[in-house]
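Participant: Could you have a look at this structure, given as C-alpha cells, before my questions?
The values are calculated or read from the model by the stated rules, or taken from the named source; none is laboratory data. Nothing here was measured: the structure is a model prediction, and the numbers come from that model. Backbone-built Cβ (ideal geometry, glycine too); neighbour counts: all protein chains shown.
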Amino acid sequence: MSLHRRVLPPILAFLLLVALAVTVSACGWSNDSKEAVEGESLQLGELKYIVTFSRYLNPNDTEDAAYLEGVPPPANKGESYFGIFFEIQNESDEPQKLPSTLTIEDADGNEYGRIANESIFGLPASGEVEPEEQIPVLDSPAQQGPIEGSVAVFLLPEEASENRPLTLLIATPEGERGEVTLDL
C-alpha cells in the first residue's frame, strides 16, 4: 500500500470533522439571541436579565414565607407557588423600564401570569432601573438574601411540572420579547 493511500484518509477524515464542528457550533449562535437558559444572561434592550434560580416555594418554610409576603394561600388543591429569582442590570447611561409582562409557559402552551406580592425580596412589578444600577439594588435585603436575587412569584397547577420544560417569557415595555428555559 502506498504512503499516499495511508495518509490521505486520516487527513480527509480530520478535515471533515473540523468542518462539521464549525458548522454545528455556528448553528443557532447569535450575539442578539432572545433565548437563554437559567443562569445565562439575556439582553433585551438596554437591560440584561439573569434568572439566577427558580423553584417551588413552600409557604410553611420560614425563608419561603418571606418571599410570599402578602400572597394568599392557593385557592385550589394541587396549586403551588413557584419563584423565579432575578438579577436585572442596566449598563446604560439612562433609566430603563422594568418588563411589562412576565409569564411562564409550559410545553403544552399553557401560560401562567405573575402574582403580585409585598415581599421585600419581590421583583418590582413596575418602575425603572437607574443608570449603571441593578435590581436587586446593592445592599438591599434581596441582594443580601440567601439567593441574592429579586423574586417573581407565579401560581402553577400540579400538571405544569409534568409539562416541562417551563419557559419564562419576558415582554419589555418597548415590545421586545425574550425567553428563558427554566431548570426544573
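Participant: Using beta carbons and a limit of 8 Å, which pairs, at least six apart or on different chains, have the first residue in the stretch 166-184 and farther than 25 Å from TYR56 by Cα and not assigned by TED's automatic domain parsing to the domain that holds VAL129 and the second one modelled with pLDDT under 95 and part of a strand (DSSP E or B)?
Facilitator: none
Matching residues to (1) of a type in the set (Gly, Ala, Ser); (2) more than 16 Å from GLY45 (Cα to Cα):
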site	(1), (2)
PRO73	no, yes
LYS77	no, yes
SER92	yes, no
PRO99	no, no
ASN110	no, yes
LEU155	no, yes
ALA160	yes, yes
THR172	no, no
THR181	no, yes
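The rows are residues; the columns are (1) touching a His at 6+ places or on another chain (Cβ under 8 Å); (2) charged (D, E, K, R); (3) in a strand (DSSP E or B); (4) without any contact (Cβ under 8 Å) to a residue 40 or more places away in the chain.
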residue: PRO73; (1), (2), (3), (4): no, no, no, yes
residue: ILE84; (1), (2), (3), (4): no, no, yes, no
residue: GLU94; (1), (2), (3), (4): no, yes, no, no
residue: ARG114; (1), (2), (3), (4): no, yes, yes, no
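Participant: Could you please let me know if ALA152 is at pLDDT 95 or above, assigned to a strand (DSSP E or B) and touching a Lys or Arg at 6+ places or on another chain (Cβ under 7 Å)?
Facilitator: yes
Participant: Continuing with the same structure: Filter the stretch 71-117 down to the residues that are more than 24 Å from PRO146 (Cα to Cα) and basic (Lys, Arg) and list them by number.
Facilitator: LYS77, LYS97
Participant: For the stretch 134-144, which residues satisfy the criterion of being more than 19 Å from the chain's Cα centre (by Cα), part of a loop (DSSP other than H, G, I, E, B) and surrounded by 13 or more Cβ atoms within 10 Å (Cβ to Cβ)?
Facilitator: SER140
Participant: Filter the stretch 157-177 down to the residues that are crowded, with 20+ Cβ neighbours inside 10 Å and either in contact with a Cys (Cβ under 6 Å, 6 or more places away or on another chain) or assigned to a strand (DSSP E or B) (or both) and list them by number.
Facilitator: Passing the criteria: LEU168, ILE170.
Participant: Name the residue that is nearest to ASP61 (Cα to Cα), counting only residues in the stretch 72-125 that are buried (at least 20 other Cβ atoms within 10 Å of the Cβ) and β-branched (Val, Ile, Thr).
Facilitator: Step by step, filter the stretch 72-125, then rank; the result is ILE84.
Participant: Working only within the stretch 59-71, note down all residues that are loosely packed, with under 14 Cβ neighbours inside 10 Å and either among the aromatic types (Phe, Trp, Tyr) or part of a loop (DSSP other than H, G, I, E, B) (or both).
Facilitator: The answer is ASN60, ASP61, GLU69, GLY70.
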